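The values are calculated or read from the model by the stated rules, or taken from the named source; none is laboratory data. Since we're looking at a predicted model, the values are computed, not measured. Using ideal geometry, Cβ is built from the backbone for each residue, glycine included, and neighbour counts are taken over all protein chains shown. For the accessible areas, the whole protein counts, side chains as well, though only heavy atoms, and no ligand, DNA or RNA atoms are used. Shrake-Rupley method; radii C 1.70, N 1.55, O 1.52, S 1.80 Å.
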Amino acid sequence: MNAYFRRYWQLYALLVLPLAYFIIFKYGPMYGIQIAFKDFNFFQGIGGSEWIGFEAFKEVFGMKDFYLTLRNTLMLNFLDLLVSFPAPLIMAIMLYELKSAWFKKLSQTILYIPHFISWVIIGGIVYQVFGTQSGMINNVITGLGLEAIPFLTDKSAWLVTYLLVGVWQSAGWGTIIYLAALTGINKELFEAAGIDGAGRLKKIWHITLPGLKPTIVMLLIMNLGHMISIGFERPYVIGNLAVRDYSEVLSTFVYRIGLESGQYTLATVVGLFQAVVGLVFVLGANYASKKLTDESIL
């Protein structure tokens, strides 16, 4: 073992920075988990605050708003999984099938750009395009003598808008992983299938999709692990009081009770709840995947 370490010490040295990152920024903050079990006082600090056991958990689980935000988080993530998860896969296959190299590069660049735009800017774009009174789309609709569509104030319309904006922002970036996986598929398989008379759709069904199966399973498990957690920016920026019954999620709930109300103990309880349930989702999805498809990432 020592001889092996001395021979390949450079490889172990490369692990120093990643390990330091995880220890400092991932494992280090776990010290603050105990806030969930204390009556946290900002001036007394974590160590000086009084232990209250599971009292904060009882208070959080007794809140009506908590169950509303939990429902919305699961609903939005589930719908995102149905709508946004297949989008990068479909787009990657379409890009892979393009024969024109310059058009493929141009399409990839256009599709990647939204990922690098801040959600604050995207929120401004959304209000400019979908606003009921001054939105570009509704200006065209009302100009044709039709009634304006309340994209951002009607709950159902807002939900559709939320999902479509999410696909537009993330799908292009998600294609990178699938395109990388597609390059690993033996091209001779496509040539052999073509000789046997297989068309493009049959090649996709019998070669491309089976070749992408491990990547699809891995990304699905990772997405299931985030079912109970949700990004703060998207629902906060696009949401408003008119659609609060759908737009209020756990991340905005933590922001509201933690930073705005100063109830750090309750906010930590919600965060801990998300982490534990997310871990259960990941382990459960991984176990089910291993049993059903023999594919596992853990």
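For the range 170-224, enumerate the residues that are more than 24 Å from H115 (Cβ to Cβ), out of contact with any Leu (no Cβ under 6 Å at 6 or more places or on another chain), open to solvent by less than 40 Å² (accessible area, probe 1.4 Å) and β-branched (V, I, T).
I185, I204
Which of the numbered conditions does I149 fail, given that it passes all the others? Conditions: (1) buried (at least 18 other Cβ atoms within 10 Å of the Cβ); (2) not in a helix (DSSP H, G or I); (3) not acidic (D, E).
(1)
One line per residue, one yes/no per condition, for (1) on the phi > 0 side of the Ramachandran plot; (2) assigned to a helix (DSSP H, G or I); (3) under 21 Å from the mean Cα position of the chain (by Cα):
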site: W173; (1), (2), (3): no, yes, yes
site: I177; (1), (2), (3): no, yes, yes
site: G197; (1), (2), (3): yes, no, no
site: T208; (1), (2), (3): no, yes, no
site: G211; (1), (2), (3): no, yes, no
site: P214; (1), (2), (3): no, yes, yes
site: Y255; (1), (2), (3): no, yes, yes
site: G278; (1), (2), (3): no, yes, yes
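Are there any helices (runs of 4 or more DSSP H) wholly within the range 1-116 with 2 or more residues that are open to solvent by less than 100 Å² (accessible area, probe 1.4 Å) and of a type in the set (F, W, Y), and if so which?
Filter on the range 1-116 gives 55-61, 101-112.
Looking at the range 254-282, I want the residues that are over 20 Å from E233 (Cα atoms) and have a partner that is open to solvent by less than 40 Å² (accessible area, probe 1.4 Å) and assigned to a loop (DSSP other than H, G, I, E, B) with Cβ atoms under 6 Å, at least 6 apart or on another chain. Which pairs are those?
Note: pairs meeting the criteria are V277/I228; F281/M227.
Of the residues that sit in the range 80-131 and are farther than 27 Å from L224 by Cα and hydroxyl-bearing (S, T, Y), which one is modelled with the lowest pLDDT?
S100
Within the range 117-146, take every residue that is part of a loop (DSSP other than H, G, I, E, B), open to solvent by less than 70 Å² (accessible area, probe 1.4 Å) and small (G, A, S) and give me the one that is nearest to V167 (Cα to Cα).
Taking the candidates together, the pick is S118.
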